[in-house]
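Nothing in this text is a laboratory measurement; each read-out follows from the coordinates by a stated rule. Here the structure is a predicted model, which means the values were calculated and not measured. We place every Cβ from the backbone using ideal geometry, glycine too, and count neighbours over all the protein chains shown.
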Amino acid sequence: MAEQYATRLAYGDALAEYGSKEDVVVLDADLACCTMSGNFADKYPERFRNIGIAEANMMSIAAGIATTGKNVFASSFAMFAAGRAWEQVRNSIGYPRLNVKVVGTHSGVSVGEDGATHQALEDIAIMRAIPGMLVVSPSDAIETKAAVKALMDYEGPAYLRVGRIPADIINDTPDYKFELFKGYEMREGNDAAILATGLMVQEALKAHDILKAQGINARIIDIHTIKPLDEEIVLKAAKETGAIITVEEHNILGGLGGAVAELLSEKCPTRLLRIGMKDEFGKSGKPQDLFKKFGLNADNISQQVITFINK
Amino acid sequence: MDATKSKSLRETAAHVRLNALKAVVSAGSGHIGGSLSITDILTALYFHQMKVDVKNPKWEGRDRLVLSKGHCSPALYGVLAEKGFFPKEELKDFRQIDSRLSGHVEISVPGVDMSTGSLGQGLSAAVGMALAAGMDKVDYRVYAIMGDGEIEEGQIWEAAMSAGHYKLDNLVAIVDNNNLQIDGQITDVMSPYPIDKKFDSFNWNTIVIDGHDMDQIIDAFDQAEKTKGKPTAIIAKTVKGKGVSFMENVAGWHGKAPDQTQYEAAVSEIEAYLEEVRG
């Protein structure tokens, strides 16, 4: 069994590991213990400020700090970082194009037992709708650390989406290379292409094996940068496979599925299946049970892919 | 403050009023009432109080201003043009499609420290700047101007709490207490009173002044600078539309431009005032 490592923990570890640069400032809204930004706070207390339970204030404070030339990471649960503080992110950070990294942890239904009020399923859509906002959703701890490192070198507003639960390490391969803006092909295949993001990449990889046992070769592409979308890799997959499946722990409206649908319908109309939350809220339960219930585990995904390509 | 300096600031404020009126009448729209109520404060900040460098607007050691009530861009652009951050001629293009002077304040304009417009966010941004000064151990000061209607926004009080918590004595918040908001008297729409006691309870030093009296304005800034371990809130009692008699204390002048006749009447009144100040 693969080593397990939560992407939120990787976020906190990466801040501590790469945060030695004097311009890096980290803020949290009374969740440093959960977003794991506390790991940075322990190491660099002089460059960490807890803003308390006030996400709107935190985002505008982040903007003010960024005007002085600093690179600010402001984290909370995705529901509040992206949701509650959306208009602050839009007007105080996005419009003046300030160098703030909005970080939403505990995204998707895999939040688990805390239930629907804490399961952000709209954050990709609303962050993506802000002009100039980069949206990054890494697949495992290794990719999260690479993304944090890359965002430290990126100047401008960005949204980083990570999850709560310990998740498989899938990128511990010698040839793994993270590039912002680039999709990452993890498995070859020409019968269909599964474009997945976040923790769904792990399920997609397992689905690949299930499908392969049935003679279906599904290409697996990790879309960690949802905006701007790597058009080249998506269009190539569309042309070579003729069947695209998107998988995300997010509403199928406006997220990865939405972004891919927009691209394909304009540049390369292709059969498309969007797997994700079907315009519904989550609920309490164990993460794996929720994946199963909402059609997001490897078994569900592979079944949906088979039905789709046989239509 | 000596009488000559005070007189010179009053003269400058009259020119800033003319600039603001010019911008609004040229655009045919804009927020003149609340601009005129903060003109004296802005003039005192840029022509007396704040360390700024017109030749190097992004100078790292500068004092900063966040005009949280960003709709009062005519006043801020008026004072920045008067100071020489950009040519006064640009004011006539205010709100036009090819102009950099948009309806609400934008950071891309020389001399502007933060984009604002969506009410309630500017004090937080100012808190961020003040926190950054502390991290860098530099001594610049940060000023934020809010409307009295604006402080109905809950985020203002989140920001007030955080500034008190972090003992930001390099931060000064100014409430433009002109008693009017778009829909009428603030006491009728949603009373924020008592304003000074609210800031006091969030661990701020508070000062109540006449926001059109240059001596009181400058004195309040001095007191704020001497106050250690606490941010300072200056509650400035002001008159919306100050300086143009037919605009004074009329909510209807919140967001409307004068026509040509009204503009000429306003200019004459301010010019007469200028003559009076000059003696």
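Quick check on region A:110-130. Is at least one of its residues within 11 Å of chain B (Cβ to nearest Cβ), surrounded by fewer than 24 Cβ atoms within 10 Å (Cβ to Cβ) and among the hydroxyl-bearing types (Ser, Thr, Tyr)?
From region A:110-130, those within 11 Å of chain B (Cβ to nearest Cβ) are none; that's our starting set.
Looking through region A:110-130, none of the residues is within 11 Å of chain B (Cβ to nearest Cβ), surrounded by fewer than 24 Cβ atoms within 10 Å (Cβ to Cβ) and among the hydroxyl-bearing types (Ser, Thr, Tyr).
Outside any strand (DSSP E or B) and either crowded, with 17+ Cβ neighbours inside 10 Å or free of Cβ contacts under 8 Å to residues at least 12 places away in the same chain (or both): is that true of A:Ala193 in this structure?
Against the criterion (outside any strand (DSSP E or B) and either crowded, with 17+ Cβ neighbours inside 10 Å or free of Cβ contacts under 8 Å to residues at least 12 places away in the same chain (or both)), A:Ala193 does not qualify.
Among the residues of region A:209-241, write down those that are buried (at least 22 other Cβ atoms within 10 Å of the Cβ) and touching a residue at least 60 places away in the same chain (Cβ under 8 Å).
Within region A:209-241, A:Leu211, A:Ala218, A:Asp222, A:Ile223, A:His224, A:Thr225, A:Ile226 meet the criteria.
Somewhere in region B:164-177, is a residue within 14 Å of chain A (Cβ to nearest Cβ), surrounded by fewer than 21 Cβ atoms within 10 Å (Cβ to Cβ) and either among the aromatic types (Phe, Trp, Tyr) or over 22 Å from B:Asn205 (Cβ atoms) (or both)?
yes
Among what's in region A:32-52 and is closer than 18 Å to A:Tyr18 by Cβ and among the polar types (S, T, N, Q), pick the residue that is nearest to the other protein chains (Cβ to nearest Cβ). Full working, then the answer.
Of the residues in region A:32-52, the ones closer than 18 Å to A:Tyr18 by Cβ are A:32, A:35-48.
Still in the running and among the polar types (S, T, N, Q): A:35, A:37, A:39.
On the way: A:Thr35: 18, A:Ser37: 16, A:Asn39: 19 Å.
Ranking the candidates gives A:Ser37 first.
Can you tell me how many residues in region B:49-85 are part of a loop (DSSP other than H, G, I, E, B) and either away from chain A (no Cβ under 12 Å) or out of contact with any strand residue (DSSP E or B) (no Cβ under 7 Å at 6 or more places or on another chain) (or both)?
First pass over region B:49-85, keeping only residues part of a loop (DSSP other than H, G, I, E, B): B:50-63, B:68-69, B:84-85.
In the following step, the residues that additionally are either away from chain A (no Cβ under 12 Å) or out of contact with any strand residue (DSSP E or B) (no Cβ under 7 Å at 6 or more places or on another chain) (or both) were identified as B:50-63, B:69, B:84-85.
Residues meeting the conditions: 17.
Select, from A:Glu87, A:Glu55, the only residue that is within 11 Å of another protein chain (Cβ to nearest Cβ) and out of contact with any strand residue (DSSP E or B) (no Cβ under 7 Å at 6 or more places or on another chain).
On the way: A:Glu55 fails: out of contact with any strand residue (DSSP E or B) (no Cβ under 7 Å at 6 or more places or on another chain).
Residue meeting the stated conditions: A:Glu87.
So A:Arg97 passes all but one of these: (1) surrounded by fewer than 21 Cβ atoms within 10 Å (Cβ to Cβ); (2) within 14 Å of chain B (Cβ to nearest Cβ); (3) outside any loop (DSSP other than H, G, I, E, B). Which condition number does it fail?
(3)
May I ask you to verify whether B:Lys197 is farther than 20 Å from B:Ile38 by Cα, more than 14 Å from chain A (Cβ to nearest Cβ) and either touching a Cys at 6+ places or on another chain (Cβ under 7 Å) or without any contact (Cβ under 8 Å) to a residue 24 or more places away in the chain (or both)?
Values: farther than 20 Å from B:Ile38 by Cα: yes; more than 14 Å from chain A (Cβ to nearest Cβ): yes; either touching a Cys at 6+ places or on another chain (Cβ under 7 Å) or without any contact (Cβ under 8 Å) to a residue 24 or more places away in the chain (or both): yes.
For B:Lys197, the condition - farther than 20 Å from B:Ile38 by Cα, more than 14 Å from chain A (Cβ to nearest Cβ) and either touching a Cys at 6+ places or on another chain (Cβ under 7 Å) or without any contact (Cβ under 8 Å) to a residue 24 or more places away in the chain (or both) - is met.
Confirm whether A:Ala62 is away from chain B (no Cβ under 14 Å) and not in a strand (DSSP E or B). Please lay out each step first, then the result.
Values: away from chain B (no Cβ under 14 Å): no; not in a strand (DSSP E or B): yes.
No, not satisfied.
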